[in-house]
Amino acid sequence: ANGHLFALIAVPLVTALVTWIYWRLAKKVTEGLTPFRWRYRPFIALLVIAVAFIGARSSLQHRGINPAMVAFSSDPLVNSLVLNSGYSLLYAAQQMKDEDKSSEIYGKMPFDEVLKTIKAARGRADSDYISHDIPTLTYNQASYQGKPKNIVIILEESLGAQFIGSLGGKPLSPHFDQLAQQGWLFENLYATGTRSVRGIEAVTTGFTPTPARAVVKLSGSQNGFFSIAELLKQQGYHTSFIYGGEKHFDNMASFFYGNGFQTIIDQSDYKNPKFVATWGMSDEDLFDKANEKFSEWQNSGQPFFSLVFTSSNHDPFEFPDNKIELYEQPKQTRNNAAKYADFALGYFFEMAKKSDYWQDTIFLVVADHDSRVSGASLVPIQHFHIPALILGEGIQARRDPRLTSQIDLPTTLLSLAGVSGEYPMLGYDLMQEDNPNRALMQFDKAMAYMQGDQVAIL
C-alpha cells in the first residue's frame with residue numbers, strides 16, 4: 001500500500017459502483033424477455049463455455065496466447081496489453097507454483113555464506129567485488145585493446161561432441177573440423193544443461209545452472225536481468241537475435257526484448273526461403289539471412305552483436321535433399337541432420353570470409369547441448385561434452401585442453417572483442433592463463449560439479 005493508498009481505496013469503490021450500474025442496466029434490458037426453454041439451455045451453456053475458452057486462449061493455433069507469443073517490446077507492460085488478463089493471471093500463477101516447487105529442493109544456507117562460497121570458487125580477490133547490491137559485480141579489463149570488434153555467437157542445436165570428428169566423435173563434421181584447424185578449439189568444454197534455454201542462459205548471461213528452470217523462462221528475469229546484449233547495447237552495439245523458427249518458442253522473445261536485444265528476426269522475416277521444415281527455415285536460409293544482416297550492419301559503421309540459433313538438427317530432422325552424402329538410411333536421422341548442420345556451417349563461413357565484416361568480427365560456434373541426453377548414471381557426463389570454437393581475423397589456431405564450461409564463453413568473447421566493463425558474470429576470461437578446471441551441469445533435479453576427473457553430484 002506504500003504510495004498507493006488512494007488507488008487502494010478508490011479501485012474497490014469504483015468496481016462496486018460499476019457493478020451496481022451494470023446490474024441496474026441489465027435489469028432494464030432483460031425486462032419482458034422470455035427465458036430460453038430448458039431443452040435449449042445445455043446447448044447455449046456449451047456455446048458460452050466454448051466462446052469463453054476461445055476468448056481466454058486468444059488463438060486458434062497449436063499454442064494458446066501467452067506472454068512470450070506477443071512480446072515485441074522491451075517494456076513488459078506494453079506487451080501485456082494484448083493479453084487476456086484472466087488467462088495471464090492463471091498462467092503466471094502456474095509459473096510461480098512451478099518455481100516454488102523447484103526452490104523446495106534447496107538446502108538452507110545463510111546468504112553471506114552463499115556469497116563466500118561462490119567467490120571462493122571463482123578465486124578472485126575480495127577487493128575485486130565492487131557492489132553491495134550486486135554481490136558478484138566486478139570490473140573486467142579486456143585483453144584486446146584495439147577498436148571493439150563485432151561479436152557473433154552461432155548456437156548449434158543439439159550438436160554434441162559425439163557428432164564432431166575432431167573431438168573423437170563420428171565422422172560427420174568435415175567443415176567444422178577444417179575450421180577447427182584455423183581457430184581456437186576447446187577440447188574439454190561442457191554444457192550446463194540439456195535444453196536450449198539452458199544453453200542460451202549460459203552463453204548470453206553467464207548465469208550458472210540451477211535446479212529451477214533457466215532464467216529465459218522465469219518470470220522475475222524477463223526484464224532487468226544481466227545479458228551481454230544489454231552490456232553491449234550500452235557500449236554502442238546494435239544487438240540482435242536471428243532464428244529460423246518462431247521467436248516466442250521457449251519464451252525467447254520475451255526474455256530477449258526485455259534484456260537488451262534490439263532486433264529479433266524469426267520465420268516471418270524470410271522471403272522465398274530455400275527450404276522450410278517443421279521448426280522453420282533451414283540452416284542455409286538462416287545463414288543467408290545472417291550474412292545479409294551482418295553486411296547491412298557493417299556498412300552502417302555501428303558494431304554489432306548477434307546470437308544466431310540453428311534448428312535443422314532437431315527432431316524430426318528435416319533438411320534439403322542433395323546437400324550431403326548421407327551417413328545412413330533413411331534420410332531423416334539424427335546423424336544425417338548433424339552432418340547437414342555441419343554443411344550449413346561451412347556454407348556460412350565461406351560467405352563470411354569473403355565479406356566486409358569478417359576482419360572486424362569474433363565468431364563463436366558452440367552447441368546449446370547434446371542430442372538425446374540419457375544414461376543410467378545420475379548425470380550422464382559424457383553427454384554434456386560439446387564443441388566450442390572461436391574464429392576470426394587474428395585468432396590463432398590452437399587446441400585448448402582446459403576443463404571449461406559454457407559460462408566461461410561470454411566473458412572470453414568480451415575480452416577478445418575489446419569490451420571492458422562492469423558485469424556480474426562468474427565465468428573465467430579464458431584469454432588469461434587461469435585454468436577453471438571445473439564444469440557445472442544440471443540434469444533434471446540433479447546437479448553435477450566436475451573438477452579435474454572428479455564429479456560431485458547433488
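The values are calculated or read from the model by the stated rules, or taken from the named source; none is laboratory data. Computed from a prediction, not measured in an experiment: that's the story for all the values here. Here the Cβ is made from the backbone with ideal geometry for all residues, glycine too, and neighbour counts use every protein chain on show. To get the accessible areas, we keep the full protein, side chains included, count just its heavy atoms, and leave off ligands, DNA and RNA. Shrake-Rupley method; radii C 1.70, N 1.55, O 1.52, S 1.80 Å.
Quick look at the numbers
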{"read-out": "Rounded to 10°, Cα long-axis angle of helix 5-30 versus longest principal axis of the chain", "value": "50"}
{"read-out": "Extension gain from Arg24 to Phe6, taking 0.36 nm per residue of separation minus the Cα-Cα distance", "value": "3.8 nm"}
{"read-out": "Linear extension gain, Lys445 paired with Arg399, 0.36 nm per residue minus alpha-carbon span", "value": "13.3 nm"}
{"read-out": "Carbon + sulfur, % of accessible area of the chain - ligands and nucleic acids excluded, 1.4 Å", "value": "57"}
{"read-out": "Label point 7 Å beyond Cα of Lys170 along Cβ direction - residues of region 364-382 with amide nitrogen under 18 Å", "value": "367-375, 382"}
{"read-out": "Identified option (computed Cα extents along the principal axes in Å; candidates (1) 75, 47, 43; (2) 87, 58, 53; (3) 73, 56, 43)", "value": "(2)"}
{"read-out": "Rounded to 10°, Cα long-axis angle of helix 41-57 versus longest principal axis of the chain", "value": "40"}
{"read-out": "Cα-based helix-to-principal-axis angle, 196-205 vs the chain, degrees rounded to 10", "value": "70"}
{"read-out": "Over the chain: helical MRE at 222 nm, DSSP H runs n ≥ 4 each giving -39500 (n - 2.57), nearest 500", "value": "-11000 deg cm²/dmol"}
{"read-out": "Per residue value of the accessible surface for the chain (all protein chains in place, 1.4 Å probe), Å²", "value": "51"}
{"read-out": "Burial order of peptide ranges 431-443, 380-392 (average beta-carbon count within 10 Å, highest first)", "value": "380-392, 431-443"}
{"read-out": "Chain lengthening between Leu13 and Lys353 when straightened (0.36 nm per residue, less Cα-Cα)", "value": "115.7 nm"}
